[in-house]
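J.: To start, I am sharing the structure in question, which I have written as C-alpha cells.
The values are calculated or read from the model by the stated rules, or taken from the named source; none is laboratory data. No experiment lies behind these values; they were computed from the predicted model shown. Every residue, glycine among them, receives a Cβ derived from its backbone with ideal geometry; neighbour counts consider all protein chains shown.
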C-alpha cells in the first residue's frame, strides 16, 4: 500500500513543515543521529523480483482498502474519555490538514473543547520558539552538511523515479539534492497535499486552538519537535531511501487514498483507520511504522496516565492514527487497566 501509507506519513508531519515556512526520543548526550550517506545505496537490499514485489504490494493495498471500506463507524469523529474522581481526559483523533469544505465538528466535540482547561497537542508548531527549533532541526538533521548529494545514493532508475515525482509537484531535483532522504520525502509529500487542496488552516488542531484560546484554555504538548521528527532522522539510511522512493511512488497516485482516510475519520470508523494505517503491514515498513506511530504511542501512554494525577479537564488532540490499530494509545491504555470510554 505504497501510495496510501506514505501520503499518511507525509500528512502527519507536513503541518510542521508548512508552519515553519518552508517523531525513539531525543538523542542521548553524545549520541549522533546516523545521517543518510553513511553507506552506499548499493548496500541497501532490493527485491529480487521487482515486478512480483509491486504486484504483492498492490494486492495488499487492495485488500486493506476493501476491508476499510466495508467497515463502518458511528458517523462522526471518535471521542474517548478517561476519568477518575477529579480528572476528566477527553481524547480526540485529528487530521492535521483538511479540505476547507469538510464539516466535522459535533456537539460532543464542541462540548469537550469548551470544558477543557488545558488542550494537549502533539507538539508546538506555531510559537516563535517552535519555528526556530524547527529550522534548527531541519538544518542539522534534514540536510547533508558534508557535500553529499541525495541523488548519489540512488541508482539511475531510482533517480529517474524521484525526478518524475518531483516534476509532478513542481520541484527540480536541485531543490532537494542537499536534503537527506527522509526530509526530501516529507517536503515532496507536503507539496502534493497542499497542491491538491488540503489546508493546514482548516486542520483540526487549528480549529481547536482558536476555540479553546477564546475561553482561556492553556496549551501543553506531548513531545518536542526533535522527539517527533527525530524518529525520521534516526531511521537507518536504507530505510530513509525506501521511504523516499515509496513517497515518490505515492505522488504518482494522487491523494485519493488520503480522502479515503479522512472519510473514515469523519465517520468515526476507528477500525477502518486501524486497517489502513495501524499496523506494519499497512505502512509496508517496520521502520516507518515504528517511527511514525509505535514508538511515539509508547512514549505518550505514561504521560497520559500521569495526567490523571492532576485535577481538571483536558482535551488531548493528536493524529487519528495514534488511536487506532494494534499498538494504539487506546489499546495500550486499556492493556494497563485503564477504563477508556469510547469505541
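J.: Take residue 223 and tell me if it is in a helix (DSSP H, G or I) and buried (at least 16 other Cβ atoms within 10 Å of the Cβ).
T.: Here the answer is no, as residue 223 does not meet what is asked.
J.: Looking at residue 16 and the list (1) outside any helix (DSSP H, G or I); (2) modelled with pLDDT under 50; (3) under 26 Å from residue 176 (Cα atoms), which single condition is not satisfied?
T.: The one condition residue 16 does not meet is (1).
J.: It is to be established whether one or more residues within segment 242-260 are crowded, with 23+ Cβ neighbours inside 10 Å and at pLDDT 90 or above.
T.: Taking every residue of segment 242-260 in turn, at least one turns out to be crowded, with 23+ Cβ neighbours inside 10 Å and at pLDDT 90 or above.
J.: While we're looking at this one, here's another question. Which of (1) at pLDDT 95 or above; (2) in contact with a strand residue (DSSP E or B) (Cβ under 8 Å, 6 or more places away or on another chain); (3) assigned to a loop (DSSP other than H, G, I, E, B) does residue 96 not meet, given it meets every other one?
T.: Exception for residue 96: condition (1).
For (1) more than 30 Å from residue 217 (Cβ to Cβ); (2) surrounded by 18 or more Cβ atoms within 10 Å (Cβ to Cβ); (3) under 23 Å from the mean Cα position of the chain (by Cα), each residue gets a yes or a no:
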| residue | (1), (2), (3) |
| --- | --- |
| 140 | yes, no, yes |
| 145 | yes, no, no |
| 154 | yes, yes, no |
| 164 | yes, no, no |
| 168 | yes, no, yes |
| 173 | yes, no, no |
| 177 | yes, no, no |
| 188 | yes, yes, yes |
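J.: Before we move on, is residue 235 assigned to a loop (DSSP other than H, G, I, E, B) and either at pLDDT below 95 or surrounded by 24 or more Cβ atoms within 10 Å (Cβ to Cβ) (or both)?
T.: Considered against the rule, which asks whether it is assigned to a loop (DSSP other than H, G, I, E, B) and either at pLDDT below 95 or surrounded by 24 or more Cβ atoms within 10 Å (Cβ to Cβ) (or both), residue 235 comes out as yes.
J.: Follow-up question, since we're still on this one. List, please: which pairs have Cβ atoms under 8 Å, are six or more places apart or on different chains, and start with a residue in segment 137-163 that is on the phi < 0 side of the Ramachandran plot and in a loop (DSSP other than H, G, I, E, B) and end with one that is surrounded by 15 or more Cβ atoms within 10 Å (Cβ to Cβ) and at pLDDT 95 or above?
T.: That search, which allows pairs on different chains as well, returns 144/150; 144/178; 144/179; 144/180; 149/178; 154/162.
J.: Here are some residues: 91, 119. Which one is surrounded by 18 or more Cβ atoms within 10 Å (Cβ to Cβ) and closer than 29 Å to residue 256 by Cα?
T.: The match here is 91.
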